[in-house]
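Take a look at this one; I'll ask things after.
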Amino acid sequence: QVQLVESGGGLVQAGGSLRLSCAASGRTFSRYAMGWFRQAPGKERDFVAAISWSGGNTHYTDSVQGRFTISRDNAKNTVYLQMNSLKPEDTATYYCAGARTVAAGILASAYDYWGQGTQVTVSS
């Protein structure tokens with residue numbers, strides 16, 4: 001069993017930056033692909049970014065490409081999402097997810113573990 005705890009959300013003005021962190025429990029974190037998803041009020045949970053177990057492969061949804069960076073530190077059991085040039089449309093609850101596989105895709109159903117989420121609000 002893996003527990004995921006997100007942190008780093010908050011209120012920021014458009015154009016600003018935030019870094020989200022997701023701390024994972026368990027000794028097998030390095031064997032999990034990790035992802036970030038987000039959900040705005042009244043909308044479905046959408047894929048944001050994913051990273052393979054080694055960190056060697058990353059994937060982003062088009063709307064955040066070039067602005068967001070996903071990374072991981074397996075020694076610290078932590079995955080990060082650096083968010084730059086934030087826009088009001090980035091406002092959502094952001095969720096960290098883990099998959100028991102080398103690399104996971106963009107589908108939420110591919111992930112086995114989820115955090116509780118952290119709120120990101122971008123003001124215009």
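On the given criteria, is ASP112 out of contact with any Leu (no Cβ under 6 Å at 6 or more places or on another chain), open to solvent by 40 Å² or more (accessible area, probe 1.4 Å), of a type in the set (D, E, K, R) and within 16 Å of LEU4 (Cβ to Cβ)?
It is true that ASP112 is out of contact with any Leu (no Cβ under 6 Å at 6 or more places or on another chain), open to solvent by 40 Å² or more (accessible area, probe 1.4 Å), of a type in the set (D, E, K, R) and within 16 Å of LEU4 (Cβ to Cβ).
Okay, next question. Under the condition of being in contact with a helix residue (DSSP H, G or I) (Cβ under 8 Å, 6 or more places away or on another chain) and assigned to a strand (DSSP E or B), which residue from the range 53-97 is nearest to LEU11 (Cα to Cα)?
The selected residue is MET83.
Is it the case that the range 80-90 has a residue that's surrounded by fewer than 22 Cβ atoms within 10 Å (Cβ to Cβ), under 15 Å from TYR32 (Cα atoms) and in contact (Cβ under 8 Å) with a residue 24 or more places away in the chain?
Yes - at least one qualifying residue is present in the range 80-90.
For the range 1-42, name all the residues that are touching a residue at least 12 places away in the same chain (Cβ under 8 Å), more than 17 Å from VAL122 (Cα to Cα) and of a type outside the set (A, V, I, L, M, F, W, C).
GLN1, GLN3, GLU6, SER21, SER25, GLY26, THR28, SER30, ARG31, TYR32, GLY35
A further question follows. If I go through the range 19-44 residue by residue, how many of them are within 12 Å of the chain's Cα centre (by Cα) and either of a type in the set (A, V, I, L, M, F, W, C) or open to solvent by 20 Å² or more (accessible area, probe 1.4 Å) (or both)?
Adding up the residues that qualify gives 11.
The values are calculated or read from the model by the stated rules, or taken from the named source; none is laboratory data. These numbers were taken from a predicted model, which means no experiment stands behind them. Backbone-built Cβ (ideal geometry, glycine too); neighbour counts: all protein chains shown. When the accessible area is computed, the model is the full protein with side chains, heavy atoms only, and any ligands, DNA or RNA have been set aside. Shrake-Rupley method; radii C 1.70, N 1.55, O 1.52, S 1.80 Å.
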